[in-house]
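In what follows, a single structure is set out as structure tokens and then discussed.
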Amino acid sequence: MYCLYVDFRKAVNQINHITLFQALEHKCIHIIFLKVLKSMYCYLNSCVKTRAGISGFFPYTIATRHGDKSSSTIFDLFMDELSSLLRVNCSTGIFSTEDIPDILCLMFADDVANCAETVVKLQHVLYKNWNGNQLR
């Protein structure tokens with residue numbers, strides 16, 4: 001088994017809100033939940049507290065909201081798009097049983113391990129999914 005490990009630690013701070021909502025719509029998130037999330041994120045402004053005081057307000061158009069209990073769930077749903085993309089673009093992964101589809105990746109929090117039975121298959125996964133920046 002061959003694996004490529006990717007740490008998406010900083011990805012949570014780079015997700016564009018428009019891209020986030022597109023991914024959630026693609027996952028068929030219930031429209032009411034989606035409207036609530038959009039109302040939480042659209043027209044969002046933020047400021048920074050420094051030693052000199054509080055900065056002026058500025059648009060907050062990327063990242064999930066820090067400290068919000070829903071942020072980790074939203075990020076998980078967004079990252080689930082990766083497994084869907086792998087399922088569509090990759091023909092095989094690691095065989096487990098007849099009852100379970102091939103394992104294409106393992107996810108835990110903000111870490112992903114892409115799996116393949118051979119180096120060539122892993123390179124194919126990289127080329128199809130990472131080289132073209134399809135995950136942006």
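The values are calculated or read from the model by the stated rules, or taken from the named source; none is laboratory data. It should be emphasised that the depicted structure is a prediction, and the values quoted were computed from it without experimental measurement. Note that we place each Cβ from the backbone using ideal geometry, even for glycine, and neighbour counts take in every protein chain shown. Side chains are part of the model used for accessible areas, which takes the heavy atoms of the whole protein and leaves out ligands, DNA and RNA. Shrake-Rupley method; radii C 1.70, N 1.55, O 1.52, S 1.80 Å.
About the Cα centre of the chain, what is the dipole size in debye to 20, counting +1 per Lys and Arg Cβ and -1 per Asp and Glu Cβ, all else neutral? Could you put the intermediate results ahead of the total?
Values: 13 positive and 12 negative charges, 165 e Å.
In total the dipole reaches around 800 debye.
The residues of the stretch 64-125 present an accessible area of 58 Å² per residue when probed at 1.4 Å with all protein chains retained. Approximating the spin labels as points 7 Å out from Cα along Cα→Cβ, the residue 30-to-residue 58 distance works out to 3.7 nm. For the stretch 109-118, backbone phi angles converted through the Karplus equation (6.51, -1.76, 1.60; θ = phi - 60°) give residue-by-residue couplings of 6, 10, 10, 9, 10, 7, 10, 7, 6, 9 Hz, Gly and Pro being listed as x. Under a 5 Å amide H cut-off, with hydrogens placed 1.01 Å from N, residue 46 pairs with 58, 60 among residues at least 5 apart or on other chains.
Label positions at residue 110 and residue 50, each projected 7 Å from the Cα along the C-beta direction, are separated by 2.4 nm. Derived scalar couplings between HN and Hα for the stretch 16-27 equal 6, 4, 5, 4, 4, 5, 4, 5, 5, 5, 5, 7 Hz in order, rounded to whole Hz, by the Karplus curve 6.51 cos²θ - 1.76 cosθ + 1.60 (θ = phi - 60°), x for Gly and Pro.
Give me the net charge for the shell around residue 75: Cβ to Cβ below 14 angstrom, other residues only, Lys and Arg +1, Asp and Glu -1. Could you put the intermediate results ahead of the total?
Numbers: positive: 9, 10, 27, 65, 69; negative: 7, 68, 76, 80, 81, 110, 111.
Cβ neighbours under 14 Å give a net charge of -2.
Report the full-extension gain for the segment residue 127 to residue 83: residue separation times 0.36 nm, less the Cα-Cα distance, to one decimal in nm.
Details: separation 44, 0.36 × 44 = 15.84 nm, distance 1.55 nm.
Taking 0.36 nm per residue and subtracting the Cα distance, the gain is 14.3 nm.
Computing Cα Rg over 2.2 N^0.38 Å for the structure here picks out one of (i) 1.90; (ii) 1.26; (iii) 0.96, namely (ii).
Scan the chain and report its longest stretch carrying no chymotrypsin sites (Phe, Trp or Tyr not before Pro) that are both in a DSSP loop and have at most 15 other Cβ atoms within 10 Å. Don't skip to the answer; put the middle values down first.
Working: sites that count: 43, 57, 60, 95.
The longest such stretch corresponds to 1-42.
Pick out, in residue order, every one of the trypsin sites (Lys or Arg not before Pro) in the stretch 2-44 that is DSSP loop and has at most 13 other C-beta atoms within 10 Å; say none if there are none. Passing both the DSSP loop test and the Cβ count: 9, 10, 27.
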